[in-house]
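The values are calculated or read from the model by the stated rules, or taken from the named source; none is laboratory data. Values in this document were obtained by computation on a predicted structure and should not be read as measured data. Ideal geometry is used to build each Cβ from the backbone, glycine not excepted, and the neighbour counts take in all protein chains shown. The area values use the complete protein model at the heavy-atom level, side chains included, leaving out ligands, DNA and RNA. Shrake-Rupley method; radii C 1.70, N 1.55, O 1.52, S 1.80 Å.
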Amino acid sequence: MTVLVFGGTGFIGQRAIRRLADRGEKVVCMDINPRSASFDEYGDQVSVMYGDITQFEDVIKAILASKPDRILNLAYLLGSGDDTPHFTMKLNVLGMDNCFEAARVCGVNRIVYASSLASSGQQSHFGERLINEDDAKMGTSQYAVHKIFNEFQADQYNSIYGMSITGIRPANVTGPDKVRGSTDHVRCVVLPAMGQPVSFPKKDIMRLPVHVDDVAEAFVRVTLANSSHYPLYNTGGEAISMGDLADIVRGYLPDAQITFESDGGREDSGNFLVDNSRLLGEFELEYPPFHTRVLQIINEVRESEGLPLVG
Ligand SMILES: NC(=O)c1ccc[n+]([C@@H]2O[C@H](COP(=O)([O-])OP(=O)(O)OC[C@H]3O[C@@H](n4cnc5c(N)ncnc54)[C@H](O)[C@@H]3O)[C@@H](O)[C@H]2O)c1
């Protein structure tokens, strides 16, 4: 089949595209930064075009040109945008609307898009219990509110037009080249792997890292499915404090210089107790043990730096 990916040259998208192509699917990518990734090794099987998801004409043109069976929307503004509300709203909210509406007009029924664990907000709203996709959406940042509204948009298109739109809520996605969004859990691994010191404010703040390869695989499986039992899926991840993550890193790099300004922080943490049983069960996903993903990141970084591998 043909899959059209919006925002496909980014951190998650380039991995999802390679996985789709490795399965034999034809992929067309539209991104405002088309040269951020290269898929030359796939020849005609993967093509990348410039396009801006905030421009309805660009979205329509991409759909008409590629005639996709499925659309995957990953185009978004990560990690900032609170100081540019107009620009951010156009990309995050109007961009999602353009995707859904253009797909509807062109007769593409099946879409998968990225929401976020940010929709749920702070863990303190729920106490020390697992949160699932039916729990209240308590996120308050602009990013979180946009994700919550994206979920509302998808519900509307599903209920009014009978479309099959599924959202995935990635947790704190991690990988060696992550530079946008939550990055403390990335720097805690990447900088020591390069032999550099790193310091963080709070030792007990909790994160929910999940490796980008696992998230890309989740997007691919859900996109290739004809439909999904639920409209939303949590990826979940490894609930871990920054201090415990530092200890895993020190297990592979005993000389790692990771310091914390103080203990505490658990009560300030975003949602970290997440029930991902729907995604793992329905799409038969199994994540490798988290410490093996940490080792993978360490060695990818060290290899690119010309340093000896560890572990
Ligand atoms: N990375 C994470 O930790 C994380 C966690 C939760 C949810 N998500 C969601 O997953 C999705 C993908 O995240 P990512 O980490 O790959 O982000 P990314 O920033 O690496 O990728 C986003 C892509 O969108 C493209 N883009 C930006 N503006 C565009 C526009 N106007 N038109 C077309 N393309 C545009 C960018 O060029 C980029 O390639 C996003 O929706 C994000 O909110 C990511």
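Structure notes:
- Residues that are near the ligand (Cβ under 9 Å from one of its atoms) and open to solvent by 10 Å² or more (accessible area, probe 1.4 Å), drawn from segment 69-78: L74, A75, Y76, L77, L78
- For segment 39-53, a residue qualifies if it is open to solvent by 60 Å² or more (accessible area, probe 1.4 Å) and either in contact with a Gly (Cβ under 6 Å, 6 or more places away or on another chain) or farther than 14 Å from A75 by Cβ (or both), and the qualifying residues are D40, E41, D44.
- Residues within segment 79-111 that are touching a Lys or Arg at 6+ places or on another chain (Cβ under 6 Å) and crowded, with 18+ Cβ neighbours inside 10 Å, tallied: 1
- Restricted to segment 8-19, and to residues there that are open to solvent by less than 10 Å² (accessible area, probe 1.4 Å) and in contact (Cβ under 8 Å) with a residue 40 or more places away in the chain, the residue that is farthest from the ligand (Cβ to nearest atom) is A16.
- Within segment 54-68, restricting attention to residues that are open to solvent by 20 Å² or more (accessible area, probe 1.4 Å) and more than 17 Å from L91 (Cβ to Cβ), the residue that is farthest from the ligand (Cβ to nearest atom) is K67.
- Check on L4, open to solvent by less than 20 Å² (accessible area, probe 1.4 Å) and either more than 8 Å from the ligand (Cβ to nearest atom) or modelled with pLDDT of 95 or more (or both): yes
- Near pairs, Cβ below 9 angstrom, 6+ apart or cross-chain, from segment 209-224 (closer than 10 Å to R19 by Cβ and of a type in the set (D, E)) to any residue that is in a helix (DSSP H, G or I) and open to solvent by 10 Å² or more (accessible area, probe 1.4 Å): D213/R15; D213/R19; D213/R293; D213/Q296; E217/R15; E217/R19
- Residue check for A136: of a type in the set (A, V, I, L, M, F, W, C), within 22 Å of S277 (Cα to Cα) and in a helix (DSSP H, G or I): no
- Filter result (closer than 29 Å to L280 by Cα and either of a type in the set (K, R) or in a loop (DSSP other than H, G, I, E, B) (or both)) within segment 241-270: R266, S269
- Apart from one condition, M194 fits all of (1) touching an Asp or Glu at 6+ places or on another chain (Cβ under 6 Å); (2) surrounded by 19 or more Cβ atoms within 10 Å (Cβ to Cβ); the exception is (2).
- Here the strands (runs of 3 or more DSSP E) wholly within segment 140-228 that include at least 1 residues being among the aromatic types (F, W, Y) and modelled with pLDDT of 95 or more are 198-202.
- Failed item, numbered, when E238 is tested on (1) part of a loop (DSSP other than H, G, I, E, B); (2) within 13 Å of the ligand (Cβ to nearest atom); (3) surrounded by 22 or more Cβ atoms within 10 Å (Cβ to Cβ): (2)
- Count of segment 34-53 residues which are within 12 Å of the ligand (Cβ to nearest atom) and either among the hydroxyl-bearing types (S, T, Y) or farther than 28 Å from D177 by Cα (or both): 2
- The one condition in (1) in the same structural domain as V28 (by TED's automatic domain parsing); (2) in contact with a strand residue (DSSP E or B) (Cβ under 9 Å, 6 or more places away or on another chain); (3) not small (G, A, S) that D263 fails to fulfil: (1)
- Residues being touching a residue at least 24 places away in the same chain (Cβ under 8 Å), small (G, A, S) and within 19 Å of G237 (Cα to Cα) - total across segment 133-176: 4
- Test: residue in segment 102-111 that is under 20 Å from L77 (Cβ atoms), out of contact with any strand residue (DSSP E or B) (no Cβ under 6 Å at 6 or more places or on another chain), within 14 Å of the ligand (Cβ to nearest atom) and not aromatic (F, W, Y): yes
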